[in-house]
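**Student:** Have a look at this one before I ask anything.
The values are calculated or read from the model by the stated rules, or taken from the named source; none is laboratory data. Given the structure is predicted, the values throughout are model-derived calculations rather than measurements. Don't worry about glycine lacking a Cβ; one is built from the backbone with ideal geometry, like all the others, and counts go over all protein chains shown.
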């Protein structure tokens, strides 16, 4: 059995850890509230813009945007993967790493080599985890851009992907990130970014009720690049909210575990002290009877 001094030392250590986890939980909760407000403000615009573009395709409208045209053969692929710059957020980073590895394995099984896959890494933890993984070309220009998502960063990344797709340097682009559903639920998500699919299953174009000038095709060609930039910005905000939610839950769990351990140690310490006092009393009584 540990001595009272050792138990007291462990109690002090756990109390110090408890203060840290409690503080980190409060900070993560405040950041989550801010990030949740940002993503909830952005999502309606993203969805409404997509709905408008789908509506413009109603009737006999045809679009000739280079971003909507599927390439005959997919020879090169770009993947954008988003994780965090720091740890202590539960399984958030490991989930992104696992799903990114699954995607890369899927392409490897189809015969894609390292020269055929460009992976844009956002997040230092993801960069560290994937640095020794082979089978793709790692692009690190946006590694540190995940903590404070900015539209300028999203525009730069989206513009690069659009230029590569339009000029035939890539034939497909995909996104891998954690979607924020609720504080307790973050969903690993994989989406096709390019080519653009404006009429997904279950959603039909309808009459717009708008007078469109000069033509629906011209309006769509102007809207699509903006929508692609907004899409990158939206998933960056979404991933940031998911990160703070995961960290809030992880720190809350750590705080609860520390409280439980602290209670056990205090009970153990009190029992040990009571046993020591009882032993001393028995020694005193025994000595006086001699």
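**Student:** Scanning the range 141-155 for residues that are in a helix (DSSP H, G or I) and crowded, with 16+ Cβ neighbours inside 10 Å, which turns out farthest from the chain's Cα centre (by Cα)?
**Tutor:** Initial filter on the range 141-155 (in a helix (DSSP H, G or I)): 143-145, 151-155.
If we keep only those that are crowded, with 16+ Cβ neighbours inside 10 Å too, we end up with 143, 145, 153-155.
Numbers: 143: 13, 145: 13, 153: 17, 154: 15, 155: 19 Å.
By that ranking, first place goes to 155.
**Student:** Criterion first (surrounded by fewer than 22 Cβ atoms within 10 Å (Cβ to Cβ), modelled with pLDDT under 90 and assigned to a helix (DSSP H, G or I)) does residue 283 satisfy it? Reasoning before the result, please.
**Tutor:** Details: surrounded by fewer than 22 Cβ atoms within 10 Å (Cβ to Cβ): yes; modelled with pLDDT under 90: yes; assigned to a helix (DSSP H, G or I): yes.
Yes.
**Student:** Please count how many residues of the range 163-183 are assigned to a helix (DSSP H, G or I) and surrounded by fewer than 22 Cβ atoms within 10 Å (Cβ to Cβ). Can you show your working first?
**Tutor:** Step one: list which residues in the range 163-183 are assigned to a helix (DSSP H, G or I), which gives 163-166.
Then keep just the ones that are surrounded by fewer than 22 Cβ atoms within 10 Å (Cβ to Cβ); that gives 163-164, 166.
Qualifying residue count for the region: 3.
**Student:** Surrounded by 13 or more Cβ atoms within 10 Å (Cβ to Cβ), modelled with pLDDT of 85 or more and more than 18 Å from the chain's Cα centre (by Cα): which single residue out of 70, 75 fits that description? Give the derivation first.
**Tutor:** Values: 70 fails: surrounded by 13 or more Cβ atoms within 10 Å (Cβ to Cβ).
Just a single option satisfies the conditions, and that option is 75.
**Student:** Here's something else I'd like to know. Would you say residue 238 is under 26 Å from the mean Cα position of the chain (by Cα), within 30 Å of residue 44 (Cβ to Cβ) and either free of Cβ contacts under 8 Å to residues at least 40 places away in the same chain or in a helix (DSSP H, G or I) (or both)?
**Tutor:** On the way: under 26 Å from the mean Cα position of the chain (by Cα): yes; within 30 Å of residue 44 (Cβ to Cβ): yes; either free of Cβ contacts under 8 Å to residues at least 40 places away in the same chain or in a helix (DSSP H, G or I) (or both): yes.
Yes; evaluated as a whole, the condition is true for this residue.
**Student:** Only one of these is within 19 Å of residue 85 (Cα to Cα), touching a helix residue (DSSP H, G or I) at 6+ places or on another chain (Cβ under 7 Å) and either without any contact (Cβ under 8 Å) to a residue 60 or more places away in the chain or in a helix (DSSP H, G or I) (or both): 128, 138, 186. Name it.
**Tutor:** Values: 128 fails: touching a helix residue (DSSP H, G or I) at 6+ places or on another chain (Cβ under 7 Å); 186 fails: either without any contact (Cβ under 8 Å) to a residue 60 or more places away in the chain or in a helix (DSSP H, G or I) (or both).
Unique residue meeting the criteria: 138.
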